[in-house]
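Throughout, read-outs are computed from the coordinates displayed, never taken from laboratory work. The model shown is predicted, which means the values in this text are computed figures rather than measured ones. Note that each Cβ is placed from the backbone with ideal geometry, even for glycine, and that neighbours are counted across all protein chains shown.
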Amino acid sequence: MEKLILFVKTYRADFESCSKLIESINQHNKDKIKLLISVNDEDISFFKQNLQTDLFDIIKDSDIIAMENKDPWQYQQIVKSQLHRLNITENYVCLDSDSYFIKDFYISDFIQDDVPYTIIHQQKEMFSWLSNNRKHFKDDPKQYFEDISRKIMAKFGRKGICYDYGPSPTIWSNKVWKDFQENYLDANNINYPDLIHEFPSEFTWYGEWLLKSNVIPLFPKEPLFKVFHYKKQFQDFIKEGHTRESIKENYLGVVLQSNWNRDLKWYQKKISL
């Protein structure tokens with residue numbers, strides 16, 4: 001069993017961005033951490049035909065968990081958080097295909113004394129930006145985050161600060177996921193896909209269960225990548241004069257979320273990543 005692997009859940013529509021992620025991993029993966037990619041079952045042949053698969057392993061989502069893909073957002077949350085079923089690694093860095101590394105990385109970036117770091121923070125940078133841009137949103141992302149966080153916290157009897165245990169990439173311990181399965185889901189006869197359907201935040205389920213169970217020591221870490229959730233957020237960041245070098249001072253990589261960036265081409269002229 002591996003101590004740590006890199007894990008990517010993707011599908012055909014994100015093939016271009018996934019290819020860029022793989023290229024960045026090959027360039028910056030100094031400790032040669034193994035890479036595993038999981039794709040929608042119907043996309044497996046396409047990926048195997050179009051990627052150099054001798055550099056990593058590629059599997060179908062159903063190899064992890066067999067389920068219907070009724071809601072793509074919830075579906076990927078479930079697949080990403082069920083890797084413990086395969087018993088192939090103790091820990092994993094779970095990456096989205098719309099992300100990529102911009103600097104060299106090592107096992108020590110993700111693990112301390114054989115214990116994975118836990119992404120945990122209060123998302124103040126993002127929420128500060130939202131405070132100045134609330135007029136651009138029909139709904140309040142901060143309120144949504146706090147609402148779902150408090151509902152999950154209440155399940156475990158915790159009050160106080162709403163922590164963010166993301167965004168992607170996250171560092172997850174399969175000890176935590178297995179303990180959650182056995183001592184919460186199984187103990188209460190709860191189906192995990194049903195749980196995600198009701199409270200769709202796998203980050204929060206992991207983090208809150210870790211706080212409750214103390215299955216592993218909690219070594220806190222800020223987000224690994226600079227994440228641009230919204231197009232305007234990215235544009236504002238560039239206007240402030242940020243460059244690749246300034247991002248590298250604090251982050252291992254970048255996430256340009258595919259929900260707005262698939263067709264965005266001009267950003268390459270603004271910043272070289």
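Over the range 64-115, all Cα pairs binned in 5 Å intervals from 0 give whole-percent P(r) values of 4, 14, 20, 20, 19, 12, 7, 3, 0, listed from short to long.
Separation of the range 1-49 and the range 123-181 by C-alpha centroid, Å? Going from one Cα centre to the other spans 26 Å. The alpha-carbon atoms of the range 1-153 define a convex hull whose volume equals 161 cubic angstrom per residue. Per-residue Karplus couplings for the range 168-176, computed as 6.51 cos²θ - 1.76 cosθ + 1.60 with θ equal to phi - 60°, are listed in order as 5, x, 9, 10, 10, 9, 6, 4, 5 Hz, Gly and Pro entered as x. Shown here for the range 1-90: GluC sites (Glu not before Pro) in loop regions (DSSP other than H, G, I, E, B) with at most 13 other Cβ atoms within 10 Å, namely 68.
Neighbours of residue 144, meaning other residues whose beta-carbon lies under 15 angstrom from its beta-carbon, give a summed charge of -1 when Lys and Arg score +1 and Asp and Glu score -1. A simple spin-label model places the labels of residue 182 and residue 28 3.6 nm from each other, with each point 7 Å out along Cα-to-Cβ. Distance distribution P(r), the chain, all Cα-Cα pairs, bin width 10 angstrom from 0: 6, 29, 37, 24, 4, 0 percent. Once the C-beta distance of residue 87 and residue 121 is scaled by a Förster radius of 35 Å, the resulting FRET efficiency is 0.70 to the nearest 0.05. One chain, two ends: residue 190 and residue 59. Fully extended at 0.36 nm per residue, the span grows by 44.5 nm beyond their Cα-Cα distance. A straight Cα-to-Cα reach below 13 Å connects residue 124 with the aspartates and glutamates 146, 164, 222, residues fewer than 8 places away in its own chain not being considered.
Contact order normalised by length for the range 189-260, with contacts defined as Cα pairs under 8 Å and 6 or more residues apart; what percent is it? It would help to have the intermediate numbers written out before the result.
Details: 33 pairs, mean separation 23.8, N = 72.
Dividing the mean separation by the residue count of the range 189-260 yields 33 percent.
Remark: the chain carries a charge dipole of roughly 900 debye about the Cα centre, counting +1 on each Lys and Arg Cβ and -1 on each Asp and Glu Cβ.
Assuming R0 = 30 Å, can you tell me the calculated FRET efficiency for the pair residue 104 and residue 238, based on Cβ-Cβ distance, to the nearest 0.05? Once the sixth-power term is evaluated, E becomes 0.80.
In terms of packing, defined here as the mean over residues of other Cβ atoms within 10 angstrom, the peptides 97-109, 189-201, 45-57 line up highest first as 97-109, 189-201, 45-57.
Would you list 162, 94 from fewest to most Cβ contacts within 10 Å?
Details: 162 17, 94 21.
If I rank by nearby Cβ atoms, fewest first, I get 162, 94.
Loop-located trypsin sites (Lys or Arg not before Pro) in the range 117-185 (DSSP state not H, G, I, E or B) with no more than 11 neighbouring Cβ atoms inside 10 Å: 138, 159.
Restriction of the trypsin sites (Lys or Arg not before Pro) in the range 53-82 to DSSP coil positions whose beta-carbon has at most 16 other beta-carbons within 10 angstrom yields 70.
Using the Cβ-Cβ distance between residue 50 and residue 249 with R0 set to 35 Å, the FRET efficiency works out to roughly 0.50. Entry note, the chain: relative contact order of 23 percent, from Cα contacts under 8 Å with a spacing of 6+ residues.
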